[in-house]
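The values are calculated or read from the model by the stated rules, or taken from the named source; none is laboratory data. Because the structure is a prediction, the values reported are computed rather than measured. Don't worry about glycine lacking a Cβ; one is built from the backbone with ideal geometry, like all the others, and counts go over all protein chains shown.
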Amino acid sequence: MKNAIAMILATAVAFVPLAAGEQAEPKASLVRAESAFFQHIREHGFGAGLRAFMADDAMIANSLTLGRDAQEARMKGETSRSRGNVMNWKPLRADVAASGDLGYTWGVAESGPSKEGPFKPYGIYVIIWKRQADGPWKFVYDAATILGAEAVEKFLREKLPQAAGK
């Protein structure tokens, strides 16, 4: 009996590092997906980035847009209006559910006059991601709180000093 209990305990302990390693990969793949999303936007434009990384039924909270088709129609209506700036993101946190199919990222949203910057923070973003049946991550919810550079910089200094210098 003691040997059986010892064997069960040894087997359980042996799988603990495996479980932690399994959880690290979905989080790393989510961080890579977010990085690819932002890079795609920088190289191909905002609309192309949304098309490539937005789930069919995603919600973009700041524009109250529900679904990829609605977002594409909205973007077509805005093509004549140039924003005159480039967006940039600084991710600060990411996590993935134990199931490995749902995660979130959040960080600082910035804007600048060109891809080279200089960039100034203007808000905090949050993106909720869902792993699709065929494997890639697509975002299902995107929102940003528009605060202005001074408020974001103060938040970072006071709440996340390790991120303030990034």
Filter result for LYS166 (touching a Phe, Trp or Tyr at 6+ places or on another chain (Cβ under 7 Å), within 21 Å of ALA36 (Cβ to Cβ) and either of a type in the set (Lys, Arg) or at pLDDT 95 or above (or both)): no
Positions within segment 42-61 being assigned to a helix (DSSP H, G or I) and touching a Gly at 6+ places or on another chain (Cβ under 9 Å), in sequence order: ARG42, GLU43
Residue count, segment 73-88 (criterion: within 17 Å of GLU43 (Cβ to Cβ) and either modelled with pLDDT under 70 or in contact with a Ser or Thr (Cβ under 9 Å, 6 or more places away or on another chain) (or both)): 5
Search result, residues across segment 112-140 that are of a type in the set (D, E, K, R) and under 21 Å from GLU150 (Cβ atoms): LYS120
Within segment 99-158, strands (runs of 3 or more DSSP E) holding 3 or more residues that are under 17 Å from ALA58 (Cβ atoms) and aliphatic (A, V, I, L, M): 120-131, 137-146
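Can you tell me how many residues in segment 97-120 are within 13 Å of TRP137 (Cβ to Cβ) and either within 11 Å of the chain's Cα centre (by Cα) or among the acidic types (Asp, Glu) (or both)?
4
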So ALA36, is it of a type in the set (Gly, Ala, Ser), modelled with pLDDT of 90 or more and in a helix (DSSP H, G or I): yes
Selection within segment 117-166 - surrounded by fewer than 15 Cβ atoms within 10 Å (Cβ to Cβ), more than 30 Å from SER99 (Cα to Cα) and charged (D, E, K, R): GLU150, LYS154, ARG157, GLU158, LYS166
Residue satisfying condition, being touching a His at 6+ places or on another chain (Cβ under 8 Å) and either among the acidic types (Asp, Glu) or at pLDDT below 90 (or both), within set ALA48, ALA52: ALA48
Looking only at segment 9-33, and only at residues there that are within 19 Å of GLN132 (Cα to Cα) and modelled with pLDDT under 85, the one that is surrounded by the most Cβ atoms within 10 Å (Cβ to Cβ): GLN23
One residue from LYS159, LYS130 being over 22 Å from ALA33 (Cα atoms) and out of contact with any His (no Cβ under 7 Å at 6 or more places or on another chain): LYS159
